[in-house]
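Some notes on the structure that comes next.
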Amino acid sequence: MDLGISGRAAVITGGAGGMGMETARLLLDEGARVLLTDLDGDELATTTDLLGGTGDMLQTVVADLTSMDGARAIQDATDWDIDILVHTAGVTGAKGDPLADISEDDWMHAWQTDMMSGVRMAKAFVPPMRERGWGRVVYVTSENVAQPYSDEVVYNAAKAAVLTFVKGMAQEYAPDGVLVNSVAPAFIATDMTDGMMKKRADEMGVSMDEAIESFLEEERPHLVLKRRGKPEEVAAVIAFLCSEKASFVVGSNYRVDGGSVLSIDL
């Protein structure tokens, strides 16, 4: 399918992660140029090698988005006019009892990494899209925005805030050609969920596969496909929202969750 983005330029945060890498792969295949950014330079270099290395179509920059300096560093790293912003960067953050186990620093860490990083990227790249009259912006939220879990309160709150930010931006910028949407994955095979499952396996004294199976049975009973999602399955929806094919999609939150969310709203 021709997504109509050949010659466009995209910036993807969290570029060393599976969703960022697979989104980059799809956009590159469609003829878009891609600037990948991540906090971890070594992992970013590995991802870049898997995508064929840097060159005319692929650039990279290491940046810390917990301050505006990181967003400015990304701006300064390229002379491309960025048409597409994909924000996949984020952390699960601290877990546990919402009051007894979560410190104020835990709250601030999740807020700065999951929410404010997205605000900073928007401030850096969305206004120029508006001036040029075309843009696509896609944020990764989570199943947690619709189905929060008690031991993940900092993640629930930060990702829900991202979604309300998406809704507000979408209304403001769509009339000028900049379409803002989000994608809500659930239990995707990423480094984040690998870490969760390794910890679970260690605590239970079982294999990784057994930990995943028990997690699905006990913690995600509505995930009817009974498996972790693949990063490329999320990337396919992100790429669609970056395209001309999504020209009438504004402020939406597309679930890619294997049925994990039982509710019908959000």
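Among residues other than residue 126 with Cβ under 13 Å from its Cβ, the summed charge is 0 (Lys and Arg +1, Asp and Glu -1).
Each Cα pair under 8 Å and six or more residues apart adds its separation to the average, and for the chain the resulting relative contact order is 21 percent. Specify the inter-centroid distance of the range 176-241 and the range 107-158, based on alpha-carbon positions, in whole Å. About 18 Å separates the Cα centre of the range 176-241 from the one of the range 107-158.
In sequence order, the range 163-169 has phi-based couplings of 5, 5, 5, 4, 4, x, 4 Hz under the Karplus curve 6.51 cos²θ - 1.76 cosθ + 1.60, θ = phi - 60°, and Gly or Pro positions carry x.
The gain in end-to-end length when the residue 46 to residue 203 segment is fully stretched comes to 53.5 nm, 0.36 nm per residue minus the alpha carbon separation. Rounded to the nearest 0.05, the FRET efficiency derived from the C-beta distance between residue 1 and residue 134 at R0 = 25 Å is 0.80.
Taking other C-beta atoms within 10 Å as the exposure proxy, 230, 199 rank 199, 230 from fewest upward. Take the Cβ atoms of residue 150 and residue 72, set R0 to 51 Å, and the FRET efficiency comes out at 0.85. Placing dummy labels 7 Å off each Cα toward the beta-carbon, the span from residue 81 to residue 28 is 2.5 nm. Put a plus charge on the Cβ of each Lys and Arg, a minus charge on the Cβ of each Asp and Glu, and nothing anywhere else: the dipole of the chain about its Cα centre is then about 880 debye.
Here is the result for the range 104-134: no chymotrypsin sites (Phe, Trp or Tyr not before Pro) lie in DSSP coil with at most 11 other C-beta atoms within 10 angstrom of their C-beta. For the range 200-209, 3J(HN,Hα) computed residue by residue from phi via the Karplus equation (6.51, -1.76, 1.60; θ = phi - 60°) reads 4, 4, 5, 5, 8, x, 10, 6, 4, 4 Hz, glycine and proline entered as x.
Dipole of the chain computed with +1 at Lys/Arg Cβ and -1 at Asp/Glu Cβ about the Cα centre; of 84, 204, 65, farthest Cα towards the positive end is 84.
In the calculated pair distance distribution of the chain, what percentage of Cα-Cα distances lie above 32 Å? That tail contains 19 percent of the Cα-Cα pairs.
Build a GNM of the chain with springs between Cα atoms under 10 Å apart, and of 52, 133, 70 the one that fluctuates most is 52. Here the simple spin-label model places points 7 Å from the Cα toward Cβ, and for residue 174 and residue 224 these points are separated by 2.8 nm.
Here, each number is a calculation from the coordinates, and none is a lab measurement. Since we're looking at a predicted model, the values are computed, not measured. Note that each Cβ is placed from the backbone with ideal geometry, even for glycine, and that neighbours are counted across all protein chains shown.
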